[in-house]
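Asker: Handing you a structure now.
The values are calculated or read from the model by the stated rules, or taken from the named source; none is laboratory data. From a predicted model like this one, the values you see are computed outputs, not experimental measurements. Here the Cβ positions follow ideal geometry from the backbone for every residue, glycine too, while neighbour counts run over all protein chains shown.
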Amino acid sequence: MRTRDQARRPTVDPVFRLLFWTLTVMGLPMLLGGLYMSYRSLDLLITAERAQGQVVEMTYSRRDSEDSGSFTPRVRFQTRDGREIVFRATVSGGPSAFHRGEAVTVLYKPEDPTAAEIYSFWQLAFVPLFLLGFSGLLLVPSVLFFGRGRRSRRLAARLEREGRRIEAQVIDIGRFTPGLFARLTRPMGFSWTVRAQWLDPGCNRIHIFDSDPLPYDPRPHIKGETVGVLIDPGNPKRYRMDLAGLPPAELSP
């Protein structure tokens, strides 16, 4: 059973959980929005009425704090029952996308003809593709952080039960960031790493071990020239440096 100090020792697990939930909360609404817009576009393609329309205006919208802007076409068409409808397209673009007086095909629902769309690939697919693509950029790293944290906890638990404890010689303590996840956690304050080496007498090979990134300089608290490392007897590349003796880190929520 872990003591309170052991449970609160410096660890990147809370960072992985924070990154997982942050990216998930940001990416999930975009994923749901992208799925809804995809469904809406497919529903229009399958069930909507088609009519010939005409671009009556290209509305210019200037972006805040920028010199450039975008043009949104306003389209007029007539429904099957003779009603005249004017609507703004969903997607804006450059002035060359459409021009005033251009004939376009319009998709509309008879029960709500004002929610019409121009029948073109970008008008129907741009918003769904943008939302789904951006949600993927957020959710894929989220899943990786979740898997990394889970594997880290499972490895630590297995090494506690079955691992071999060795004493490795400390060769460096500094602000270097080995590995992708260490580089990602460095901006959050986890910038210190303990590096140690151990000569395996069985194969006369030197193994290098890096600690998890730490949120403070551990040099004043590491006594002696060695640190304990739990290794997998069958694969020393699977290891966990034992830094439970370090003072607990009060991490900000």
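Asker: Residues of segment 152-170 being among the basic types (Lys, Arg) and in contact with a helix residue (DSSP H, G or I) (Cβ under 8 Å, 6 or more places away or on another chain), which ones? Reasoning before the result, please.
Answerer: Filtering segment 152-170 down to residues among the basic types (Lys, Arg) leaves 153-154, 158, 161, 164-165.
Within segment 152-170, just 153 meets the criteria.
Asker: If I ask for residues that are assigned to a strand (DSSP E or B) and closer than 12 Å to residue 106 by Cα, which ones from segment 56-82 would you list?
Answerer: Of segment 56-82, the ones assigned to a strand (DSSP E or B) are 56-62, 69-78.
The answer is 74, 75, 76, 77, 78.
Asker: Among the residues of segment 83-117, write down those that are of a type in the set (Gly, Ala, Ser) and outside any strand (DSSP E or B).
Answerer: Of all residues in segment 83-117, those of a type in the set (Gly, Ala, Ser) come to 89, 92-94, 96-97, 101, 103, 115-116.
If the condition is that a residue be of a type in the set (Gly, Ala, Ser) and outside any strand (DSSP E or B), then 89, 92, 94, 96, 97, 101 are the ones that fit.
Asker: Against the definition (surrounded by fewer than 17 Cβ atoms within 10 Å (Cβ to Cβ) and under 16 Å from residue 48 (Cβ atoms)), how does residue 105 come out, yes or no? Quick ask: steps written out before the conclusion?
Answerer: Details: surrounded by fewer than 17 Cβ atoms within 10 Å (Cβ to Cβ): yes; under 16 Å from residue 48 (Cβ atoms): yes.
Considered against the rule, which asks whether it is surrounded by fewer than 17 Cβ atoms within 10 Å (Cβ to Cβ) and under 16 Å from residue 48 (Cβ atoms), residue 105 comes out as yes.
Asker: For segment 25-55, how many residues are over 21 Å from residue 129 (Cβ atoms) and either part of a helix (DSSP H, G or I) or not assigned by TED's automatic domain parsing to the domain that holds residue 76 (or both)?
Answerer: We begin by selecting, within segment 25-55, every residue over 21 Å from residue 129 (Cβ atoms); these are 25, 47, 49-55.
Of the ones still in play, those that are also either part of a helix (DSSP H, G or I) or not assigned by TED's automatic domain parsing to the domain that holds residue 76 (or both) are 25, 47.
The total comes to 2.
Asker: Output the residues belonging to segment 132-169 that are exposed (fewer than 15 other Cβ atoms within 10 Å of the Cβ) and part of a loop (DSSP other than H, G, I, E, B).
Answerer: none
Asker: Find the strands (runs of 3 or more DSSP E) located wholly in segment 203-251 whose residues include 3 or more that are at pLDDT 85 or above, outside the structural domain of residue 158 (by TED's automatic domain parsing) and small (Gly, Ala, Ser), and list them. Walk me through how you get there before you give the answer.
Answerer: Details: elements: 205-210, 226-232, 235-242.
Per the criteria, no element qualifies.
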